[in-house]
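Novice: Submitted below is the structure of interest, expressed as C-alpha cells.
All of the numbers you see were taken from the coordinates with simple rules; none came from a lab. Because the structure is predicted, anything quoted here is derived from the model rather than measured. A quick note on method: Cβ atoms are made from the backbone with ideal geometry, for glycine too, and the neighbour counts reach across all protein chains shown.
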Amino acid sequence: MSNLKEILENKKICKSIWFMRQAGRYLPEFREIRSQNHNFINLCLNSELCSEITLQPIKRFNLDSAIIFSDILMVPHALNQKVEFVKNKGPVLEKFNFKKFFNNDKISFTQKLHPVYKAIKKTRDKLDKEKSLIGFIGAPWTLLTYMLGAKESKKKIDYKKIKTKGFEVDLILDKLNDYLCTHIENQIDAGADVIQIFDSWAGLISSEDLTNYCYIPNLKIVNFCKEKKIPVMCFPKGLNKNYKEFNNVVKPNAISLDYEVDPVWVKENLTDVVLQGGLDPKLLLSSEKEVLSCAKKYLDTFKDLPYIFNLGHGLLPETDPDKVSKLIKFYREY
C-alpha cells in the first residue's frame, strides 16, 4: 500500500486501490442507513452519517483511500436550484433560472455546504493518516447538463438546449468554475488531500465544442488545484481517443479511464500522468474467473507505469461485496 497523494505527486510505481462509489448501495450497512433516510439531499447534509458511510468500505475492505460520501449535485443545491432524487428515475432539477443563479454569493454557498466540510473533517480525524481522503466535484459541463435539464438519457443530451444559449452557457460555465474552486478549497481546508473531477458527460460533447466545454473548464480547475498544491485526478468519461488531447491540454496528476478505452492504446498514448481505473464495473456481476482475468489484463498492461487500481465507473448497486473482496485480494497478491 502507498499513500495516494504521494503516488500522484511523485508518479511512483506503487500499489494503490480504491473504487468509485465504494461507499454506497451495494453495501448492506449502507442500505440500512438509507432505509431510514429517504431524502438523499438531507442524508448528504448529515455530517455524522456521511462520515460513517465514507468509512464503511474502509472498515470492510481496508482500501487505500476514502472518498467522501456526497454528490456532485450538492453544488446546484447550494446555488438554490432545487434538486430531488426520484426512485427509479434519478436526479430531477427545477427549471434553471438565470437571474436566481447569478444572485448567489460564496458566503451563503459555503454555509449551505458546511455539513459536507464538517463530514470531511470528522472523516479525516478518524481515518488512518496513511490513507488519502478524496474530495470531489462535478466538472462545469456535467453540472451544466443537469442544471439546464439537457440530459435525456445516459447516452443522449438535448444539445439544442445548450447551443441556442451560447452566450448564457459561457457565463454559467465561468460562474460555476468560481463556485467549484470555492468548494474545492473548502474541502481541502476540511482535510481532503486529493481532488477528483468527474466529467461524466464529457463523451456527449460534439468534437468542435470539446475545447470550450471540456478542456478549458477542466484546465482552469486543475490549475487552481496545482496552485493550492493539491493533487487532482480527472475523469472525462466517454472521450475515447480524445483522452490523449485532454491529457496533453489539461495535464492533471492522474487520469481516470473509463471501460471503453483500450488499455494498450492508453499505454502508448497517455504519457507523464498517473493512470487510474478502467475495469468495467459490470464485470463484477459476472463470474469470478472473468473478473480476475480482466483485472489481470489491466495489471499486466500497466505493470511498469504508475497505476491506481479502480473501475471505469462506479460500483453497481447489485454488486456482491464478497466479489469486491476477492478482487481486492487478487490485486494485493498480484
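Novice: List, in order, the whole-Hz ³J(HN,Hα) value for each residue of the stretch 219-234 obtained from phi through the Karplus relation with A = 6.51, B = -1.76, C = 1.60 and θ = phi - 60°; use x for Gly and Pro.
Specialist: 4, 4, 6, 4, 5, 4, 4, 5, 4, 7, 6, 10, x, 10, 10, 10
Novice: Around residue 193, under 9 Å between beta carbons, what's the net of Lys plus Arg minus Asp minus Glu among the other residues?
Specialist: +2
Novice: Per 0.36 nm of contour for each residue apart, how much would the distance between residue 87 and residue 262 grow if the chain were fully extended, relative to their Cα-Cα spacing?
Specialist: Full extension of this stretch gives 59.6 nm more.
Novice: About its Cα centre, how strong a charge dipole does the chain have in debye, to the nearest 20, once Lys and Arg get +1 and Asp and Glu get -1 at the Cβ?
Specialist: 420 debye
Novice: Amide H neighbours of residue 151 under 5 Å, counting only residues 5+ apart in sequence or on other chains, H built in-plane at 1.01 Å?
Specialist: Amide H neighbours of residue 151: 158.
Novice: Want the number for residue 271 to residue 322: 0.36 nm per residue separation, take away the alpha-carbon distance, what's left?
Specialist: Separation in residues times 0.36 nm, less the Cα-Cα distance, equals 14.9 nm.
Novice: Going by the alpha-carbon gyration tensor, a ≥ b ≥ c the square roots of its eigenvalues, is the stretch 4-87 rounded (a/c under 1.5) or, if a/c is not under 1.5, prolate (a/b greater than b/c) versus oblate? Walk me through the intermediate numbers first.
Specialist: On the way: a/c = 2.87, a/b = 1.56, b/c = 1.85.
Judged from the Cα gyration tensor, the stretch 4-87 comes out oblate (a/c at least 1.5, b/c at or above a/b).
Novice: So, one more: Excluding same-chain residues fewer than 8 positions from residue 160, which lysines have a Cα within less than 20 Å of its Cα?
Specialist: 95, 151
Novice: Next up: Order these peptides, 147-160, 38-51, 269-282, 60-73, by their mean beta-carbon neighbour count within 10 angstrom, highest first. Please list the in-between numbers first.
Specialist: Numbers: 147-160: 14.7, 38-51: 17.3, 269-282: 19.5, 60-73: 21.3.
Per-residue mean Cβ counts within 10 Å order the peptides as 60-73, 269-282, 38-51, 147-160.
Novice: Still on this model: What list of ³J(HN,Hα) values in whole Hz, one per residue of the stretch 240-247 in order, does the Karplus curve 6.51 cos²θ - 1.76 cosθ + 1.60 (θ = phi - 60°) give from phi, with Gly and Pro shown as x?
Specialist: Listing the rounded values in order: 6, 6, 6, 3, 5, 5, 4, 5 Hz.
Novice: Continuing with this model, one more query. Of the cross-linked pairs 112/154; 87/329; 129/289; 59/121; 112/156; 165/241, which ones have a Cα-Cα span greater than 23 Å in the structure shown?
Specialist: Violating the 23 Å Cα-Cα cut-off are 112/154; 87/329; 129/289; 112/156; 165/241.
Novice: From the residues 42, 80, 58, which one has its Cα farthest along the dipole of the stretch 1-106 in the positive direction, the dipole being from +1 and -1 charges on Cβ of Lys/Arg and Asp/Glu about the Cα centre?
Specialist: 80
Novice: Return the calculated 222 nm mean residue ellipticity for the chain, to the nearest 500 deg cm²/dmol, obtained by summing -39500 (n - 2.57) across DSSP H runs with n ≥ 4 and dividing by the residue count.
Specialist: So the calculated ellipticity at 222 nm is -13500 deg cm²/dmol.
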